[in-house]
Every structure is written in structure tokens, then in C-alpha cells.
Amino acid sequence: MTTLEIAELFKQYVDDADQTFVSADDVVSFLNIGYREFCSMVIEQDANVFTAEAVYTNINAQEVDLSNPGVLGPTILGSSPTQAKLYRLIRVSRCETNGDPRYYLQSSRSLVEMRNDINRYMLRGSKLLFSDQTDNILVEYVGFDVSPFTIANTIAAGGVFIDDITTYYGDLIALLASKHYMIKDFAANPVLVSQLEVRTNALIAYLSTGREWNSRNNVIGTDELTYLGY
């Protein structure tokens with residue numbers, strides 16, 4: 001489903017096609033809230049749906065601010081991300097300038113632990129800190145566009161593609177947006193709430209099975225065991 005199709009479905013769900021009670025700005029706000037909640041649900045079941053990468057080169061320091069990296073690489077935190085905004089950090093590696101990993105760094109939760117060791121990193125606020133001076137790094141993370149809906153792409157002939165999972169479950173975004181509208185309207189729609197539960201369960205079942213037919217195979221290969229350190 002496109003942004004326009006989801007927006008039109010939302011208007012039908014809240015029974016306000018002529019914007020009597022919901023302005024165009026309100027529609028966009030509700031849909032973006034619904035989309036962020038949708039993405040959070042997807043990520044909790046299968047984070048691989050929204051994985052992304054960011055390469056930072058010529059850092060030559062022990063930290064990089066992911067909300068303001070300048071010429072070092074893309075902005076993935078802060079108010080104006082230049083690509084998918086970071087939701088959860090997966091791993092960090094020292095890499096070549098083209099992004100090919102050299103070796104992975106180990107995560108630290110303690111600043112003291114990180115500074116007293118080598119080949120460590122820590123995400124503290126918007127800054128990615130390193131135990132050693134670093135040249136190039138590859139950041140692998142879970143992230144998404146936090147505001148894919150705009151006034152321009154929710155009007156006639158303005159609809160755009162969002163992502164592959166939304167193609168099949170775009171109606172759930174409209175349902176989630178409608179839930180937030182019901183909070184604002186102080187009125188629940190039992191049929192809509194029931195459908196929200198049905199579609200949420202369908203999404204969870206789909207992701208629990210896995211987008212790849214054999215992705216839920218519990219047998220781990222020897223090479224994976226070695227890599228994971230078992």
C-alpha cells in the first residue's frame with residue numbers, strides 16, 4: 001500500500017473523509033505515529049526487516065557524534081537524519097573506506113570498562129565512543145524513516161511506496177493511527193479495535209514464521225558457533 005492508500009483508509013476508519021474534525025496536518029501526524037508504532041512491533045519480532053548500515057571515514061578520534069558527524073558520514077540520530085534513523089544499534093566494526101569490515105569491536109555498557117580496555121565501543125547519548133583512536137567504522141543498526149507520511153504524499157496522485165512490509169500490512173498502520181485518533185476523540189470503535197487485534201496477530205504470526213522459509217531453523221552450523229564464540 002502507498003502513503004495515499006493508507007491515508008485514505010485511515011480517513012474511512014475515522015469517518016472523516018472531508019476533514020471536518022481532522023485536518024491534513026492531523027492526518028499526517030496520526031499516520032506517522034501509527035507507522036512508528038508499527039515499525040516497533042515489526043522490529044521486536046524480526047529486526048532484520050529494518051536493518052541499515054552507515055560508514056564513517058577519517059574519524060581519527062575516539063568518538064563520533066551520530067547526530068552531527070559532518071563530513072565523516074551520514075546523520076542517523078538527532079532532529080535531521082540523512083538516512084534511516086537509528087532505533088537500535090546492532091554492532092560496530094573497524095572497516096575499510098568502502099565499508100568492508102576488518103574486525104568487530106566489543107560493546108561496553110560502562111565508560112570505565114571501555115576506557116580500560118581495547119577494541120571497545122559505547123553508545124552514549126548521540127555519541128559513539130571508542131576505547132582507541134579510530135579511523136573508519138561501519139555501524140550496523142536497526143532504523144527506519146520516522147516520518148514517511150507528508151501532506152504532499154497523502155493527497156491525490158501523491159502516494160509513494162514506503163517499504164516492503166507495508167505493502168502487505170499497510171492497513172495495520174491505518175488501524176494504529178485510528179487508535180490514537182480514538183484516544184483524542186474519547187470514543188472507542190469496538191469493530192476497529194477487534195480488527196486491530198486480528199491484524200496485529202497476523203503480523204506477529206507472519207514474522208514469527210519468518211520471511212525466509214527456513215529462517216526459524218534452530219540448528220546452528222559449526223561456522224556460526226565459532227563466530228558467535230560458543
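The values are calculated or read from the model by the stated rules, or taken from the named source; none is laboratory data. Keep in mind it's a predicted model, so treat the numbers as computed, not measured. Neighbour counts are summed over all protein chains in view; Cβ atoms, including those assigned to glycine, are modelled from backbone coordinates with ideal geometry.
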Of the conditions (1) buried (at least 21 other Cβ atoms within 10 Å of the Cβ); (2) modelled with pLDDT under 95, the single one that ILE76 does not satisfy is (2)
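Scan region 155-207 residue by residue and report those that are among the hydroxyl-bearing types (Ser, Thr, Tyr) and within 20 Å of the chain's Cα centre (by Cα).
If the condition is that a residue be among the hydroxyl-bearing types (Ser, Thr, Tyr) and within 20 Å of the chain's Cα centre (by Cα), then THR166, THR167, TYR168, TYR169, THR200, TYR206 are the ones that fit.
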May I ask you to list the residues in region 199-230 that are at pLDDT 70 or above and exposed (fewer than 12 other Cβ atoms within 10 Å of the Cβ)? ASN201, ALA205, SER208, GLU212
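Assess whether ARG94 counts as being among the basic types (Lys, Arg) and without any contact (Cβ under 8 Å) to a residue 24 or more places away in the chain. Don't jump to the end; show me each part of the working.
Working: among the basic types (Lys, Arg): yes; without any contact (Cβ under 8 Å) to a residue 24 or more places away in the chain: no.
Taking the combined requirement at face value, the residue does not satisfy it.
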Could you check region 64-73 and list, in sequence order, the residues that are of a type outside the set (Gly, Ala, Ser) and within 13 Å of SER126 (Cα to Cα)? VAL64, ASP65, LEU66, ASN68, PRO69
Being more than 12 Å from the chain's Cα centre (by Cα), among the aliphatic types (A, V, I, L, M) and surrounded by fewer than 14 Cβ atoms within 10 Å (Cβ to Cβ), is that true of even one residue in region 9-18? yes
Return the residue satisfying two criteria in turn: it lies in region 126-154 and is over 22 Å from the mean Cα position of the chain (by Cα) and of a type in the set (S, T, N, Q), and of such residues it is surrounded by the fewest Cβ atoms within 10 Å (Cβ to Cβ). GLN133
Being at pLDDT 95 or above and in contact with a Lys or Arg (Cβ under 7 Å, 6 or more places away or on another chain) narrows it down to one of GLU37, GLU63, so name that one. GLU63
Is one or more of the residues making up region 100-109 of a type in the set (S, T, N, Q), surrounded by fewer than 15 Cβ atoms within 10 Å (Cβ to Cβ), part of a loop (DSSP other than H, G, I, E, B) and not assigned by TED's automatic domain parsing to the domain that holds ILE204? no
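Look at region 19-49 and say how many of its residues are assigned to a helix (DSSP H, G or I) and surrounded by fewer than 20 Cβ atoms within 10 Å (Cβ to Cβ).
The initial filter retains those residues of region 19-49 that are assigned to a helix (DSSP H, G or I), namely 24-45, 47-49.
Add one more test, that the residue is surrounded by fewer than 20 Cβ atoms within 10 Å (Cβ to Cβ), and what stays is 24-26, 29, 32-33, 36-37, 40-41, 43-45, 47-49.
Qualifying residue count for the region: 16.
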Would you mention how many residues in region 50-73 are surrounded by 20 or more Cβ atoms within 10 Å (Cβ to Cβ), part of a loop (DSSP other than H, G, I, E, B) and not aliphatic (A, V, I, L, M)? 2
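When you check GLU5 against the structure, is it over 22 Å from the mean Cα position of the chain (by Cα) and either of a type outside the set (Val, Ile, Thr) or assigned by TED's automatic domain parsing to the domain that holds THR200 (or both), yes or no? Let's see the steps before the verdict.
Numbers: over 22 Å from the mean Cα position of the chain (by Cα): no; either of a type outside the set (Val, Ile, Thr) or assigned by TED's automatic domain parsing to the domain that holds THR200 (or both): yes.
Judged against the criteria, GLU5 is not a match.
Would you point out which residue out of ILE118, ILE162 is surrounded by fewer than 19 Cβ atoms within 10 Å (Cβ to Cβ) and either assigned to a loop (DSSP other than H, G, I, E, B) or in contact with a helix residue (DSSP H, G or I) (Cβ under 9 Å, 6 or more places away or on another chain) (or both)? Working first, answer last.
Working: ILE162 fails: surrounded by fewer than 19 Cβ atoms within 10 Å (Cβ to Cβ).
The unique qualifying residue is ILE118.
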